[in-house]
């Protein structure tokens, strides 16, 4: 019921967008850009409370000092309905100059024609070489680049010290087999399932699916048939389903309580996976009763037949085609991707996308940074194609059906392959 | 009156109390959660039930950047939208009930049709219109949408109510030399108080809670309304539930006050009973 309605509404939204943009061509151009005049760049972002403080108190003054004549107007946007806000803004020519957006949105907005192709700008290649390849690739669409990475993240394995000891281990499991064995030991001792998968959705499932040998597409992200429904993928999902049936996975996989953070805090889950915010948020919480560094230890996502692959998240910085100040916007983007601002934002636990900054001793001093940077080397992006949103919906639904036993893993993946193939064409 | 037996009374009261408990418990749970500090994961019943009431989260939320300012913004936005929406709605409903004009039914149906369009679909065209009027980032633009949208609903609601007002009442005004305005102002509005009261609550709650349009039209952080501020408490990866619930309680207070003011009107039906001789 939900899917056709959603599709219909997005089709209508796009139609209206087209109509709206056709109606808006007569937009007046402001007189800014004249000699000596100040340019104000409107910048939409979604930084958290702590990150916003750094943005306002350090990033903005520093940029404005180094670039007289350009001012930043910062607007923090909430997540709820953000995509519609951007669509409305783009459709009526009222989009901001700059936006920090989730990496998975970039190809979609690029396809809509909303984003400025930054690979045409001066000095792009130089900037590009300084970025991590995988994070840079999330900006690619049709042989061009439509944004610059601004921060990145991934998830690592976080273990509860007490339960790890109870499972008879002194350090984090290195392989999926060891993890499953540890969880089995604990379940026999009456504990809850110890493999903390947050839910039957791709963001939560993919690290396990990939590490167990599963694949979504070919390396170019153009073909799903023969990859998502390959023997390796089916085997990976079968393993996850069998773990669930055995009770080795935490109840969060079917949406039950306690939640991952809660279960970790109360010594109920052996392991969860999460991003750097797990540490930055909890370490910043002055009133926390337990010190998160005390009761957890960190490890890489355990290795399976496919290796140790986590999922990449993060944000890219983009500028819109109807920005009146593309040159100044690009100046800011270039600056923001450089080492110093990246290190400043790194203070909050956001992982720099600039290689130099990420490997800078100053960033690595952050108590939890090392494992994340290490995990990033093998982490994979969610399929960076404009149709990712639809693809994700299909994947989520079929992952859930497989976990809940409504479909066999083979049926679920065959069915998803067929549907995603249709969406991709 | 037949006296209900004690048995039945107990059963009836037990059912009522049980029903009330079912509705009020989540709310109490929510209030108790606001007393818990550092709740990045939802607290458990044992924690919630043993909490010591304190105002820490309320103070933290209220003094957080501009939250109090957003509260005042929302009061202004919802208040003006309420007054104009109700007044225009009543005028429109009156014309639909008492005047004959070409295309009346068609117009009314068009009104109804616009109510069926989901807000998310309307947001781009609405924004485009407001933008071409140069009213983006102004409350005037916001009011235009709120009042415009509100008129449709209140016309629909009030038309039915107005139709139940006996014609002979207005004849008495006509005999005394009064016109349509007098009929509207002195007969229809006072007699419709229950309906207007109900509508006022809905209208206020509707614009007070409204999020999507407000976010689209208002670009300046300082002009934002409360629901946007509330949404800001929800982080992408983690949310402090104590704060979210404390902020939610502050947000619903005015709606509750409005409800308490107007709820009496709910039950005050039948004012016009006995006003016309059968």
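Condition check: within 18 Å of residue A:225 (Cα to Cα) and over 23 Å from the mean Cα position of the chain (by Cα). Does residue A:414 satisfy that?
In short, yes.
Is it fair to say residue A:331 is in contact with a helix residue (DSSP H, G or I) (Cβ under 6 Å, 6 or more places away or on another chain) and in the same structural domain as residue A:59 (by TED's automatic domain parsing)? First the steps, then the outcome.
On the way: in contact with a helix residue (DSSP H, G or I) (Cβ under 6 Å, 6 or more places away or on another chain): no; in the same structural domain as residue A:59 (by TED's automatic domain parsing): yes.
No.
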Considering each residue of the range B:193-221, count those that are more than 9 Å from every other protein chain (Cβ to nearest Cβ), under 29 Å from residue B:128 (Cβ atoms) and either surrounded by fewer than 20 Cβ atoms within 10 Å (Cβ to Cβ) or in contact with a strand residue (DSSP E or B) (Cβ under 8 Å, 6 or more places away or on another chain) (or both), and give that number. 4
With the checklist (1) over 21 Å from residue A:201 (Cβ atoms); (2) surrounded by fewer than 19 Cβ atoms within 10 Å (Cβ to Cβ) in hand, flag the one item residue A:405 doesn't pass. (1)
Out of the residues in the range A:209-234 that are part of a helix (DSSP H, G or I) and surrounded by fewer than 17 Cβ atoms within 10 Å (Cβ to Cβ), which is nearest to the chain's Cα centre (by Cα)? A:232
Among the residues of the range A:240-257, what is the count of those that are under 25 Å from the mean Cα position of the chain (by Cα) and free of Cβ contacts under 8 Å to residues at least 40 places away in the same chain? 2
Looking only at helices (runs of 4 or more DSSP H) that fall completely inside the range B:94-180, which ones have 2 or more residues that are more than 14 Å from chain A (Cβ to nearest Cβ)? B:104-116, B:139-163, B:167-175
Given the conditions (1) at pLDDT 95 or above; (2) surrounded by fewer than 21 Cβ atoms within 10 Å (Cβ to Cβ), and given that residue A:112 satisfies all but one, which numbered condition is not satisfied? (1)
Could you list all residues from the range A:263-285 that are assigned to a strand (DSSP E or B) and either surrounded by fewer than 21 Cβ atoms within 10 Å (Cβ to Cβ) or within 9 Å of chain B (Cβ to nearest Cβ) (or both)? A:274
Across the range A:93-116, the tally of residues that are within 17 Å of residue B:220 (Cα to Cα) and within 9 Å of another protein chain (Cβ to nearest Cβ) stands at 3
What residue, of B:65, B:105, is free of Cβ contacts under 8 Å to residues at least 40 places away in the same chain, under 29 Å from residue B:219 (Cβ atoms), out of contact with any helix residue (DSSP H, G or I) (no Cβ under 7 Å at 6 or more places or on another chain) and in the same structural domain as residue B:204 (by TED's automatic domain parsing)? B:65
What is the residue count in the range A:286-312 for residues that are more than 14 Å from chain B (Cβ to nearest Cβ) and assigned to a helix (DSSP H, G or I)? 2
Can we say residue A:90 is closer than 30 Å to residue B:133 by Cβ and crowded, with 21+ Cβ neighbours inside 10 Å? yes
For the range A:365-385, indicate whether the set of residues that are part of a helix (DSSP H, G or I), within 20 Å of the chain's Cα centre (by Cα) and under 24 Å from residue A:70 (Cβ atoms) is non-empty. no
Working carefully through the options A:164, A:179, A:206, find the one that is more than 30 Å from residue A:228 (Cβ to Cβ), in the same structural domain as residue A:268 (by TED's automatic domain parsing) and surrounded by 17 or more Cβ atoms within 10 Å (Cβ to Cβ). A:164
Output the residues belonging to the range A:235-262 that are within 14 Å of another protein chain (Cβ to nearest Cβ), crowded, with 19+ Cβ neighbours inside 10 Å and not in a helix (DSSP H, G or I). A:250, A:258, A:259
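Has the range B:237-248 got any residue that is under 26 Å from residue B:147 (Cα atoms), modelled with pLDDT of 90 or more, more than 8 Å from every other protein chain (Cβ to nearest Cβ) and assigned to a helix (DSSP H, G or I)?
Checked against the condition, which is being under 26 Å from residue B:147 (Cα atoms), modelled with pLDDT of 90 or more, more than 8 Å from every other protein chain (Cβ to nearest Cβ) and assigned to a helix (DSSP H, G or I), the range B:237-248 yields at least one hit.
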Looking at (1) within 30 Å of residue A:76 (Cβ to Cβ); (2) within 14 Å of chain A (Cβ to nearest Cβ), which one does residue B:79 not meet, given that it meets all the others? (2)
The conditions are (1) without any contact (Cβ under 8 Å) to a residue 60 or more places away in the chain; (2) surrounded by fewer than 17 Cβ atoms within 10 Å (Cβ to Cβ); (3) not assigned by TED's automatic domain parsing to the domain that holds residue A:204, and residue A:357 fails exactly one of them. Which is it? (2)
What's the number of the only condition in (1) in contact with a helix residue (DSSP H, G or I) (Cβ under 8 Å, 6 or more places away or on another chain); (2) at pLDDT 85 or above; (3) at the interface with chain B (Cβ under 10 Å from one of its Cβ atoms) that residue A:24 fails to meet? (2)
So, residue B:28, is that one free of Cβ contacts under 8 Å to residues at least 24 places away in the same chain, within 14 Å of another protein chain (Cβ to nearest Cβ) and within 30 Å of residue B:214 (Cα to Cα) or not? no
Positions within the range A:390-425 being under 20 Å from residue A:197 (Cβ atoms) and outside any helix (DSSP H, G or I), in sequence order: A:404, A:405, A:406, A:407, A:408
What are the residues in the range A:50-78 that are within 12 Å of another protein chain (Cβ to nearest Cβ), closer than 30 Å to residue B:40 by Cα and surrounded by fewer than 17 Cβ atoms within 10 Å (Cβ to Cβ), if any? A:50, A:53, A:56, A:75
State the number of residues belonging to the range B:32-44 that are within 26 Å of the chain's Cα centre (by Cα) and either loosely packed, with under 15 Cβ neighbours inside 10 Å or under 13 Å from residue A:261 (Cα atoms) (or both). 0
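The values are calculated or read from the model by the stated rules, or taken from the named source; none is laboratory data. Keep in mind it's a predicted model, so treat the numbers as computed, not measured. Positions of Cβ are backbone-derived with ideal geometry, glycine not excepted, and every protein chain shown enters the neighbour counts.
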